[in-house]
Amino acid sequence: STKREPTRTDIFMGEDNLLSDSLGNAIYSNIKPEEVIDHEIGVRYVGKQGHIFFNFYRMEFKNEIVLNGETGPNSIALHSNVAESKRSGIELDIAYDITKHFNISNNSSYSFNRIKENDIQFKPILSPSLIINQDISYNFKNLSVCLNGRYQSKSYLDFSNSIELLDFYTLNAIVSYKIKSFILSVRGN
């Protein structure tokens, strides 16, 4: 079990300084510390040509501090407490050396996230269920070439789960060359 305190930004409702009303009373958010109980179990295998890490987790929150879809006056994202929330999922991390110069790696996670507030269940803001990162790279002496693909499933931008951030794919390429203690890189995203 662990706790997390709200930030100054959350307490001051996105303001840089504590505001007061016309009577001089402080205006602030009564955001509470969150509590979480985290259960995890995993397996790790490390071999000569790579590794496999697999992890299962379940987190049960009380007063979780979550993004609420609002921004403060200085455009910083604001948070609120939710009465009850649960997050569970699996994480996978694999790396394998195909040859001396080629290797592949994958880092993926699938999660099931729910918030319960006033007998209504919904998904947390900016919490996609599926994230996949896949790399293939070639390394020879001082030269490195890497191709990275990423997939992220849809997520939501509001508590009503009516505004969606659609799922997306990205493909990135990086070519690097090391000269003494300097690395020259060209990236395409």
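The values are calculated or read from the model by the stated rules, or taken from the named source; none is laboratory data. Given the structure is predicted, the values throughout are model-derived calculations rather than measurements. A quick note on method: Cβ atoms are made from the backbone with ideal geometry, for glycine too, and the neighbour counts reach across all protein chains shown. Each accessible area value is taken on the protein alone, full model and side chains, heavy atoms only, with ligands, DNA and RNA left out. Shrake-Rupley method; radii C 1.70, N 1.55, O 1.52, S 1.80 Å.
Couple of notes before you dig in:
- Within segment 161-174, residues that are of a type in the set (Gly, Ala, Ser) reach partners that are part of a strand (DSSP E or B) with beta carbons closer than 6 Å, at six or more positions or on different chains, in the pairs 173/147; 173/188.
- Restricting segment 59-90 to residues that are touching a Lys or Arg at 6+ places or on another chain (Cβ under 7 Å) and either charged (D, E, K, R) or modelled with pLDDT of 95 or more (or both), the residue that is nearest to residue 123 (Cα to Cα): 86
- Put simply, of 130, 126, 171 the only residue that is farther than 29 Å from residue 51 by Cβ and of a type in the set (A, V, I, L, M, F, W, C) is 126.
- Considering residues of segment 100-112 that are modelled with pLDDT of 95 or more and out of contact with any Asp or Glu (no Cβ under 9 Å at 6 or more places or on another chain) only, the residue farthest from residue 158 (Cα to Cα): 101
- Residue check for residue 127: within 20 Å of the chain's Cα centre (by Cα), touching a residue at least 24 places away in the same chain (Cβ under 8 Å) and in a loop (DSSP other than H, G, I, E, B): yes
- Contact annotation: residue pairs with Cβ atoms under 6 Å, 6 or more positions apart or on different chains, pairing a residue in segment 1-26 that is touching a residue at least 60 places away in the same chain (Cβ under 8 Å) and at positive phi with a partner that is part of a loop (DSSP other than H, G, I, E, B) and open to solvent by 80 Å² or more (accessible area, probe 1.4 Å), are 14/73.
- Looking only at residues of segment 98-110 that are open to solvent by 40 Å² or more (accessible area, probe 1.4 Å) and either aromatic (Phe, Trp, Tyr) or not in a loop (DSSP other than H, G, I, E, B) (or both), we find that the one that is nearest to residue 53 (Cα to Cα) is 107.
- Cβ pairs under 7 Å, 6+ apart, first in segment 71-97 and within 13 Å of residue 13 (Cα to Cα) and open to solvent by 50 Å² or more (accessible area, probe 1.4 Å), second of a type in the set (A, V, I, L, M) and part of a strand (DSSP E or B): 71/77; 71/78; 79/65; 79/66; 79/67
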